[in-house]
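The values are calculated or read from the model by the stated rules, or taken from the named source; none is laboratory data. On a predicted model such as this, the values are computed, not experimentally measured, just so you know. Using ideal geometry, Cβ is built from the backbone for each residue, glycine included, and neighbour counts are taken over all protein chains shown.
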Amino acid sequence: MMKLATIIVIALTAVPAHASNVTFGKGKRISVNPKAAAAFQSLVDWLQENGYKIQFARGYGRGTVRQSLHPSGMAMDINQTGRNRVTRAYPPGTTEKAASLGIFHGSKWPHSPDYGHFQIGGWQGKHPLIASIEKFREQQQIK
C-alpha cells in the first residue's frame, strides 16, 4: 500500500495528460503547459539558432520554492545546475528576446536572481502594490 506522502509527491510531479512538448537538441524534449509551449519553443529555437547548446532542461515538475510555476508548467529551466547556476552563459540578448515573447527571465529578480529560469506570469520581482504606484505615477506624469 502506498503511503499518503508518496501519493502526494507523485501527484505534484506528474505531467498532466494535456501537456505540450518543447523540443531541443537531437530529439530531447520537456513537457510544459500548452499555454506556454509556443513561447518557450520560440525561445529555445532562438537560443539554438544563436549557437547555444541546450544539454538539458526542465518544465513541469515539483517546485523548489513556494511560488514556483513549475508545477503548473508555466516555467522552464535551461542548463540549470542550481539556483542562479547554469552550465554556460546565454547569448547576448537572451533576456530581451524572452521578454519579446512574453517570458520573464529569472535573472531580472532583484534580490534573488535565477539565471537559468524562465517563466510566463507569476512573480516578476516587484510587489503588485509597487507596480501599481509606478503605473499610476507614469499615467499622471509624476516623478
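Would you confirm whether or not segment 68-80 contains a residue that is in contact with a strand residue (DSSP E or B) (Cβ under 8 Å, 6 or more places away or on another chain), outside any strand (DSSP E or B) and at positive phi? Yes, segment 68-80 contains at least one residue that is in contact with a strand residue (DSSP E or B) (Cβ under 8 Å, 6 or more places away or on another chain), outside any strand (DSSP E or B) and at positive phi.
When segment 81-102 is filtered for residues that are without any contact (Cβ under 8 Å) to a residue 40 or more places away in the chain, of a type in the set (D, E, K, R) and not in a loop (DSSP other than H, G, I, E, B), the ones remaining, listed by number, are Arg85, Glu96.
Considering only residues that are more than 14 Å from Phe40 (Cα to Cα) and among the polar types (S, T, N, Q), look in segment 80-95 and name the one that is surrounded by the most Cβ atoms within 10 Å (Cβ to Cβ). Working first, answer last.
Looking only at segment 80-95, we keep the residues that are more than 14 Å from Phe40 (Cα to Cα), and these are 80-93.
Right, trim to among the polar types (S, T, N, Q) and you get 80-81, 84, 87.
On the way: Gln80: 20, Thr81: 12, Asn84: 15, Thr87: 13.
So, considering only residues that are more than 14 Å from Phe40 (Cα to Cα) and among the polar types (S, T, N, Q), the one surrounded by the most Cβ atoms within 10 Å (Cβ to Cβ) is Gln80.
Table: residues versus (1) more than 21 Å from Thr94 (Cα to Cα); (2) at pLDDT 90 or above; (3) surrounded by 14 or more Cβ atoms within 10 Å (Cβ to Cβ).
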{"residue": "Met2", "(1), (2), (3)": "yes, no, no"}
{"residue": "Leu12", "(1), (2), (3)": "yes, no, no"}
{"residue": "Phe24", "(1), (2), (3)": "no, yes, yes"}
{"residue": "Val32", "(1), (2), (3)": "no, yes, yes"}
{"residue": "Val44", "(1), (2), (3)": "no, yes, yes"}
{"residue": "Leu47", "(1), (2), (3)": "no, yes, yes"}
{"residue": "Asn50", "(1), (2), (3)": "no, yes, no"}
{"residue": "Arg58", "(1), (2), (3)": "no, yes, yes"}
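With respect to Ala99, determine if the residue is touching a strand residue (DSSP E or B) at 6+ places or on another chain (Cβ under 8 Å), of a type outside the set (Phe, Trp, Tyr), modelled with pLDDT under 95 and buried (at least 17 other Cβ atoms within 10 Å of the Cβ). Considered against the rule, which asks whether it is touching a strand residue (DSSP E or B) at 6+ places or on another chain (Cβ under 8 Å), of a type outside the set (Phe, Trp, Tyr), modelled with pLDDT under 95 and buried (at least 17 other Cβ atoms within 10 Å of the Cβ), Ala99 comes out as no.
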